[in-house]
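Chemist: Quick one: the structure is below, questions incoming.
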Amino acid sequence: MLKYTGSHLLAALLCATASVLAGAPDQECGERVSLAKLITDPETYHGKALWVVAHVTIDFENMTVCPSENETQAKNCLWLDIDDGPYNTDQDYARYQSKLQTWKRFNLQTVAIHAMFDKTLKGHFSMWPAGLGNVAEVSGHQGGWNFTANATAPRTVCVGELPVPKESSDHRWMRSGSLKLRNGDYDGAMADFSRAISLEPSNSGYYLIRANAKERKRDHAGATADYTRAIEFAREDKDVIYIVRAEAREQTGDLDGAIADYTRAIEINPKLADAYHGRGLAKQKKGDAKGAAADLARARQLTPAQSPP
């Protein structure tokens, strides 16, 4: 798992695009905060239970709340932790699957969420500025779910009217492909992802997800091509994409290409320990012991020290 250490966000225009909850806090409902405020002022809200209205995506390695269906860049969104663990037993797995199925009812909808804001909860690849965890309730257009009671709940009175959910054609294909991917139908998943890409060819995230399916099929060259397209269209987090493309290139034996990608990631983010670590290992494979030692030492310097158990 990569430990993406990219910077926190610029969010000047978030106030114009975020879904803001009107009204002052009250005792029954608790505090209501916009995504923009949470992202730009995480210290104030860290550890607080609050209401947020946002567009939810429940997808493979992409469980997020964003200002709207048209504003889904990672820097403008929060990671959504649908289950707080633990994950040790079959019962834990069953609990997680149950919550996942509940959340899928609200996928690609604008909902109200009552949860704990956590500035350290950054999700897969640490790509999000913060996250929501310890979710107590989610409320959609036609009702909701109370996780504390583990039961359905009426639509909350703590927020105003929510937009009627709608789903674009490309989102339907992505949802279908993600389901097939989880069920091991990689060819079917890639076909659906390709249909989504044909409808929205400049969406970098679609190429990333199709690349993931190709890697599961051991089509590392095909995955490399998709990562290249993702880099072309990505507006942020390119350093992370360069790393995953480097790893795919290593699988094809292209060590020079991998080293070049790790180097590009370092140029974008000089404090990205995983890039130095990956480049060091690639240099080892090429027999560059001195260069490998320097990169691995730098990676250790940039990696936070682990506290003893």
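Chemist: Net charge near ALA115: determine it from the other residues with C-beta under 11 Å of the C-beta of ALA115, scoring Lys and Arg +1 and Asp and Glu -1. Don't skip to the answer; put the middle values down first.
Modeler: Values: positive: LYS48; negative: ASP81, ASP84, ASP118, GLU137.
My count for the surroundings of ALA115 gives -3.
Chemist: Only helical DSSP H runs with n ≥ 4 go in: add -39500 (n - 2.57) per run for the chain, normalise by residue count and round the 222 nm mean residue ellipticity to 500 deg cm²/dmol.
Modeler: -14000 deg cm²/dmol
Chemist: Something else: Report the gain in length on full extension from ASN88 to THR228: 0.36 nm times residue separation, minus Cα-Cα distance, nm rounded to one decimal. Mind showing how you got there, number by number?
Modeler: Details: separation 140, 0.36 × 140 = 50.40 nm, distance 3.71 nm.
Length gained, ASN88 through THR228: 46.7 nm.
Chemist: Ordering PHE117, PHE147 by how much accessible area each has at a 1.4 Å probe, largest first, what is the list?
Modeler: Values: PHE117 0, PHE147 35 Å².
Ranked list, largest accessible area first: PHE147, PHE117.
Chemist: Across every pair of different alpha-carbon atoms, what Kirkwood hydrodynamic radius in Å does segment 128-268 reach? Show your work: numbers first, answer last.
Modeler: Working: mean 1/r = 0.0571 Å⁻¹.
Kirkwood hydrodynamic radius for segment 128-268: 17.5 Å.
Chemist: Using only protein heavy atoms and a 1.4 Å probe, report how much of LYS122 is accessible, in Å² to the nearest 10.
Modeler: 50 Å²
Chemist: Pull out a ≥ b ≥ c, the square roots of the eigenvalues of the alpha-carbon gyration tensor of segment 208-267, then state rounded if a/c is under 1.5, prolate if not and a/b is larger than b/c, and oblate in the remaining case. All intermediate terms of the calculation are to be shown ahead of the outcome.
Modeler: Details: a/c = 2.34, a/b = 1.14, b/c = 2.05.
Oblate, since a/c reaches 1.5 and b/c is not below a/b.
Chemist: Then there's this: Take every DSSP beta bridge whose two residues both sit in the chain, then give the antiparallel share in percent to the nearest 5.
Modeler: Details: 30 of 33 bridges.
Here the antiparallel bridges make up roughly 90 percent for the chain.
Chemist: Another question, then. Which entries in LYS180/LYS214; LYS238/LYS285; LYS75/LYS271; LYS214/LYS286; LYS75/LYS238 show an alpha-carbon gap greater than 22 Å? Kindly include the intermediate steps, with their values, before the conclusion.
Modeler: Values: LYS180/LYS214 13 Å; LYS238/LYS285 25 Å; LYS75/LYS271 18 Å; LYS214/LYS286 26 Å; LYS75/LYS238 12 Å.
Violating the 22 Å limit, Cα to Cα: LYS238/LYS285; LYS214/LYS286.
Chemist: A further question follows. How far is helix 90-104 tilted, in degrees, relative to the longest principal axis of the Cα atoms in the chain, given as a value from 0 to 90 rounded to the nearest 10?
Modeler: Tilt of helix 90-104: around 70 degrees.
Chemist: While we're here: Compute the angle between helix 220-233 and the longest alpha-carbon principal axis of the chain, please, reported from 0 to 90 degrees and rounded to the nearest 10.
Modeler: The angle comes out near 60 degrees.
Chemist: Quick one: net charge of ASP192's neighbours, Cβ under 11 Å, K/R +1, D/E -1?
Modeler: Values: positive: ARG172, ARG175, LYS180, ARG195, ARG210; negative: ASP170, ASP185, ASP187.
After counting each charged neighbour, the total is +2.
Chemist: If you don't mind, another one. How large, in percent, is the carbon and sulfur part of the accessible surface of the chain at a probe radius of 1.4 Å?
Modeler: On the way: 7880 of 15530 Å².
Here carbon and sulfur together make up 51 percent of the probe-accessible area.
Chemist: Still on this structure, please answer the following. Using only Cα atoms, figure out Rg for segment 212-309 and give it as a multiple of 2.2 N^0.38 Å.
Modeler: On the way: Rg = 14.0 Å, N = 98, 2.2 N^0.38 = 12.6 Å.
Taking the Cα Rg and dividing by 2.2 N^0.38 Å, one obtains 1.11.
Chemist: Helix 289-302 versus the longest principal axis of the chain: what is the Cα-based angle in degrees, 0 to 90, to the nearest 10?
Modeler: Relative to the chain, helix 289-302 is tipped by roughly 20 degrees.
Chemist: Given 0.36 nm per residue, what is the gain on full extension from LEU100 to THR252 after removing their alpha carbon distance, in nm? Please report the intermediate quantities before stating the final value.
Modeler: Values: separation 152, 0.36 × 152 = 54.72 nm, distance 3.50 nm.
Using 0.36 nm per residue and subtracting the Cα-Cα distance, I get 51.2 nm.
Chemist: Sorting check: for 274-285, 74-85, which peptide has the highest mean count of neighbouring beta carbons within 10 Å, and how do the rest follow? Don't skip to the answer; put the middle values down first.
Modeler: Numbers: 274-285: 22.6, 74-85: 20.7.
For the peptides 274-285, 74-85, the packing ranking is 274-285, 74-85.
Chemist: Using a probe radius of 1.4 Å on heavy atoms only, what accessible surface per residue do you get for the chain? Whole Å² is fine.
Modeler: Working: 15530 Å² over 309 residues.
I get 50 Å² per residue for the chain.
Chemist: Still on this structure: For all pairs of alpha-carbon atoms in the chain, what percent lies in each bin of width 10 Å, listed from the first bin to the last filled one?
Modeler: Per 10 Å bin, starting at 0, the Cα pair percentages come out as 6, 24, 31, 25, 11, 2, 0.
The values are calculated or read from the model by the stated rules, or taken from the named source; none is laboratory data. This structure is a prediction, so every number in the text was calculated from the model and none was measured. A quick note on method: Cβ atoms are made from the backbone with ideal geometry, for glycine too, and the neighbour counts reach across all protein chains shown. All accessible areas refer to the heavy atoms of the entire protein, side chains included, with ligands and DNA or RNA removed. Shrake-Rupley method; radii C 1.70, N 1.55, O 1.52, S 1.80 Å.
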